[in-house]
Amino acid sequence: MRPRELFGKAHHSTVYRKWNEAYKEKNTVPTVKYGGGSMMFWGCFAASGTGCLECVQGIMKSEDYQRILGRTVEPSVRKLGLHPRSWVFQQDNDHKHTSKSTQKWMTTKRWRVLKWPAMSLDLNPIEHLWRDLKIAVGKRRPSNKRDLEQFAKKEWSKILGERCKKLIDGYRKCHDPGLAYVLKCGCELKVQ
């Protein structure tokens, strides 16, 4: 008998069985081939806290990106208590963000979008929140994608407003002190 890996390197399970009962269900342990998978998330935040967090299904195209923004940005703005037109939307120069269809779609929404130089360093403060989220979700040891999504949403909602404010204040000092920012970016989380 030897221990088997169960969704991660640090967790082992030992099964004791009779000689001829190796494949009975009570003696088997589910495993995930090639790791448990990963999921991409879209989220936003402002100085007052976190907005919506949405799981991205498959490879995101411009149209998918527009649908996610349509479902999440305005509810997030309301949740965060931002005044209309007091915020700026930040995104990097990924193709789905800069495509003609996305640019046209954003024009119809009349959102102010922060100009972001091509080939620039990713200075978006949401990267710090993605790190916090990855650590918090990792501690919960999700064993499948359903757990991963559930844990990610729960941990995202637990991020404190003070943490968000500190990140925004640091960003304002360097860039634009007059605005409440809604910042966004994608994050990949993995089942361990």
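Every read-out reported here was derived from the displayed coordinates using simple, explicitly stated rules and does not represent laboratory data. Fair warning: this is a prediction, and the values are worked out from it, not measured in the lab. For neighbour counting, all protein chains shown are included, and Cβ atoms are generated from backbone atoms with ideal geometry for every residue, glycine included.
Where does each of 144-154, 101-111 land if you order them by average Cβ count within 10 Å, highest first?
Values: 144-154: 16.9, 101-111: 13.3.
Per-residue Cβ counts within 10 Å, averaged per peptide and sorted highest first, yield 144-154, 101-111.
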Residue-ordered couplings for the stretch 70-87, obtained by feeding phi - 60° into the Karplus form 6.51 cos²θ - 1.76 cosθ + 1.60 and rounding to whole Hz (Gly and Pro as x), are x, 7, 10, 5, 5, x, 5, 4, 5, 4, 7, x, 7, 7, x, 6, 9, 10
Spin-label model distance (nm) - residue 135 vs residue 95, 7 Å beyond Cα toward Cβ:
3.5 nm
Cross-link list 115/173; 61/104; 100/154: which exceed 23 angstrom alpha carbon to alpha carbon?
100/154
Highest mean first, how do 166-174, 50-58 rank when packing is the count of other Cβ atoms within 10 Å averaged over residues?
50-58, 166-174
